[in-house]
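As structure tokens, the structure follows; a few thoughts come after it.
Bear in mind these aren't lab numbers, they're just calculated from the coordinates by the rules spelled out. These numbers come from a predicted model, not from an experiment. No Cβ is skipped: glycine too gets one built from the backbone with ideal geometry, and neighbour counts run over all protein chains shown.
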Amino acid sequence: MQIESLKVFCDLTETESFTKAAQINHITQSAVSQQVSSLERQFKALLIERSKKKFRLTREGELLYKASKEIVQIYERLHSQLQELRNIISGTVRVATIYSIGLHDLPPYLKRYLKSYPTVNVHVEYRRANQVYEDVLGNVVDLGLVAYPTRDPKLEVVPLRKEPMVLICHPEHPLAKNKSVKMSALGGQKFVAFEADIPTRKALDKAFREHGIQVVPVMEFDNVETVKRAVEIDAGVSIVPRTCVKDEVEKGTLVAIEISDADLSRPLAALYKKNKVLSTAMKQFLALLKEPLQ
């Protein structure tokens, strides 16, 4: 019996998916099934109830999962400590991130990190916020990057920084001549919004309610890039992270305006599963993410 087989069994138990367990371990679904069958033969016990309705462990499977989790964590902790002793920083860091962070905030950090640790492979997935949480909890990734983090007893949340938000509009929009405006200026404006389940949308809706503002939603999108394209054709105004419109402001296709009477800064955070053994590569990556860029 190998540690790898126990890890595959743990990943399968936590994701309840042969597809995801295969993805995490870079093997085929058939290989996952074969490793489970091998464990069942070795322990002479049925570990998973074969049912199409729902994934479910047998009592023997639950016992093996608990023991396997401890064994895998001890092994990963030992491996990390040995690397630290030898000052080795290598391996793979798997990251799931929302689009705005992944496309605009993360790249300069990645560039600096890979320059310092060229033997580390950083794999980045761009996901909706709810999917980032699912991937972290399911061990599909090591770290998640989100805005407006939600507390979960199964997750460790590492605050990173607060990111300013700005009002954006077309250069010929009536508000474009202002360097700053009050929230009241948004009343009755056509507004290009994020979709209702996205944390930034929820935070903006709350801010509008607190200021007694009603905007006129004209479009809803699930990512900041599409929001910007809609504002560029003068479909309406929007509020987005300042870092996301740096290029458009420099090119003159969008105007960014400060909102003077509301703090709309959005908190950014990294997530990882509680009790997860962080490799040296992951620790260094997290430490870098907490540093301000020069």
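Note on segment 94-191: Rg/Rh from C-alpha atoms, Kirkwood Rh, equals 1.10. Computed over every Cα-Cα pair of segment 165-264 and binned at 10 Å starting from 0, the pair-distance distribution P(r) comes out as 17, 56, 26, 1 percent. A Förster radius of 25 Å combined with the Cβ-Cβ distance from Q131 to Q81 puts the calculated FRET efficiency at roughly 0.15. Here the Karplus relation 6.51 cos²θ - 1.76 cosθ + 1.60, evaluated at θ = phi - 60°, turns the backbone of segment 190-204 into coupling constants of 5, 10, 8, 10, 7, 5, 4, 8, 7, x, 5, 4, 4, 5, 5 Hz, with x for every Gly and Pro.
Subtract the Cα-Cα distance of R242 and K53 from 0.36 nm times their separation in residues, and report this length gain in nm to one decimal. Numbers along the way, then the final one.
Values: separation 189, 0.36 × 189 = 68.04 nm, distance 4.64 nm.
Result: 63.4 nm gained on full extension.
Taking only Cα atoms of the chain, what ratio of Rg to Rh do you get with Rh as the Kirkwood inverse-distance radius? Walk me through the intermediate numbers first.
On the way: Rg = 23.1 Å, Rh = 21.6 Å.
Result: Rg/Rh = 1.07.
Based on Cα coordinates alone, diagonalise the gyration tensor for segment 1-142, multiply each eigenvalue by 5, take square roots, and list the semi-axes in whole Å, largest first.
Values: eigenvalues 197, 81, 26 Å².
After scaling each eigenvalue by five and taking roots: 31, 20, 11 Å.
Rounded to whole numbers, the Karplus 3J(HN,Hα) couplings from phi for segment 124-134 are 10, 10, 9, 9, 6, 4, 5, 6, 4, 4, 4 Hz, using 6.51 cos²θ - 1.76 cosθ + 1.60 with θ = phi - 60°, and x at Gly and Pro.
So which of K246/K283; K7/K274; K202/K276 end up more than 27 Å apart by C-alpha? Show your work: numbers first, answer last.
On the way: K246/K283 30 Å; K7/K274 17 Å; K202/K276 30 Å.
Check vs 27 Å cut-off fails for K246/K283; K202/K276.
Extension gain, E220 to Y148: 0.36 nm times the residue separation minus the Cα-Cα distance gives 24.0 nm. Helix-only arithmetic for the chain: the sum of -39500 (n - 2.57) across DSSP H runs with n ≥ 4, divided by the residue total, places the mean residue ellipticity at 222 nm at -12500 deg cm²/dmol. Here the simple spin-label model places points 7 Å from the Cα toward Cβ, and for H26 and L63 these points are separated by 3.5 nm.
D205 to S37: FRET efficiency via 1/(1 + (r/R0)^6), r the Cβ-Cβ distance, R0 41 Å, to the nearest 0.05? Between D205 and S37 the formula returns 0.20. Using R0 = 25 Å, the C-beta based FRET efficiency linking K44 and I71 works out to 0.85.
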